[in-house]
Amino acid sequence: MGSGTFVAPPKFVGNLQDVYGFSESVRLAGRVPGSRVVFAVIQESDKSISRKLRVPLGTSVYALRRVRLIDGIPCSIETVFINMERCAGIEQHDFSREPLFDVLRWEYGIKAVSGDEKISVTTLDADEAELLEMEEGHPAFYKSGVVFDENGDPFEYYRTVALSEYIRYATEMTAR
Amino acid sequence: MANVDYKSPIYLQLREVVRSKIEEGEYPPGMAIPSENELSEMYGVNRLTVRNAVDALVNEGLLRRIQGKGAFVVGDRLERDLDSLSGFRQTIHERNAEPGTKVLTKMRRKAGGKYARIFGIGEDDDIFYIRRLNTANGDPVSVEHTFIPATKVPKLDGIDLGVFSLYEVYGFYGVSPVRAYETLDLVTLEARDARMLDVDPGQVVLLFTCYTYDKDDDVIEYTCSYTRGDKCSFTVHNRS
């Protein structure tokens, strides 16, 4: 306020029960998804990742960090850690173009059937602020969680920092 | 409770009197029955007898006794509780924190434009507005604003929300939540709510918004809850 009036685009509603990945959800909302890869590396799992993926310390994991864009605006930074044993060769893909969700599903046959997510408040550090074109210390959602396949095995652990200016999280509950 | 007659112990006879008044609706669900003193005077029996009669109904689950407040009629329960289903669940960071709720405001008011639209009612129709402060170990965690159309729960005025949860009250009045749509945003607080939550004005908090629908797809409750991000987070469990 005080700096003039402008019309903000409606927030993208990220439905947490969606069976789609980010790109598909954004497209279904009539918006244009985009991704910039910040890094994509094979690394050894540390204690925290090992626990989440239920693998021994030092297991090979694929670490992928992307800035997610909606209509060209950087809205979130998503970092995923995937158990490489489940998807050898995944590093060959260009995830600025291909949806990770589709590659896991159709190339590796990994189907996400359940997950636990936790959402809290954080503030952007210097790197995050630069990637999201915001001030350092700006408040944001912090969302983390583990995704499980149909056997109940965890295959992906993610940490997302998202700007509430552009994204709203939603769930819908129905009585059985 | 079979065959209580005039020869039965007096506390059993009183128990059946109170039971039939509950069943006939003279003592409606959510309301307090007369105090022990009043019952003792009404029927000319001593207080110990009253206490035994009321105890029996408390044990049956027909009454709920609250220290210092009296005995309240428990109505029908909801078979399904949306709380038990998936959706955002608030988790307090501190371990073993004792949760508490304080009702700050409970009033009947005109819906006005915004809530008339949300509930699909007239601007001059009545709604209930409830403002509650939720605490953990006495520290403020969230301020919750709840709006309910008066047509759905007409007797809400008389019900002590320190005794019954809103879900229990819905059950008493046959209002059955079947669906809820919930969202999370980050917002800054206005001065009054900031003071209530003991945070600096301008500090960002989690805004949890929930629309609850009944089987006719009417909105029966609209809730906005401003929650301190340093005190809690929200979790969701998904299964497709």
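Each reported figure results from applying straightforward, stated rules to the coordinates on display, with no laboratory input. Note that the structure is a prediction, hence the values are computed from the model and not measured. In this analysis, Cβ positions are derived from the backbone assuming ideal geometry, glycine residues included, and neighbour counts consider all displayed protein chains.
Using Cβ point charges alone (K and R +1, D and E -1), the dipole size of region A:12-167 about the Cα centre works out to roughly 320 debye.
Counting neighbouring Cβ atoms within 10 Å and putting the fewest first, the residues A:Tyr142, B:Tyr43, B:Tyr27 line up as B:Tyr43, A:Tyr142, B:Tyr27.
A Cβ-based charge dipole, computed about the Cα centre of the protein assembly as shown with Lys and Arg at +1 and Asp and Glu at -1, lands at about 640 debye. Dipole orientation for region A:12-167: of the candidates A:Gln17, A:Ile70, A:Pro33, A:Gln17 has the Cα lying most toward the positive pole (charges on Cβ; Lys, Arg +1; Asp, Glu -1). Each helix, a run of at least 4 DSSP H residues, gives -39500 (n - 2.57); summed and divided by the residues of the protein assembly as shown, these come to -5500 deg cm²/dmol at 222 nm. Modelled spin labels at A:Thr174 and B:Tyr129, positioned 7 Å past Cα toward Cβ, are 3.4 nm from each other. Between B:Thr101 and A:Ser96, the modelled labels are 5.1 nm apart [label points 7 Å from Cα along Cα→Cβ]. In a simple Cβ point-charge model (Lys, Arg +1; Asp, Glu -1; nothing else charged), chain B has a dipole of about 320 debye relative to its Cα centre.
Farthest towards the positive end of the charge dipole of the protein assembly as shown, among the residues B:Tyr222, B:Ile22, A:Phe81, is the Cα of B:Ile22, using unit charges on the Cβ of Lys, Arg, Asp and Glu.
Counting neighbouring beta carbons within 10 Å and listing from fewest to most, the residues B:Phe128, A:Phe39 come out as A:Phe39, B:Phe128. From the residues B:Gly100, B:Gly138, B:Gly112, which one has its Cα farthest along the dipole of region B:1-145 in the positive direction, the dipole being from +1 and -1 charges on Cβ of Lys/Arg and Asp/Glu about the Cα centre? Value: B:Gly138. Using R0 = 41 Å, the C-beta based FRET efficiency linking B:Asp139 and A:Val38 works out to 0.60. Considering all C-alpha pairs of region B:92-182, those separated by over 19 Å amount to 49%.
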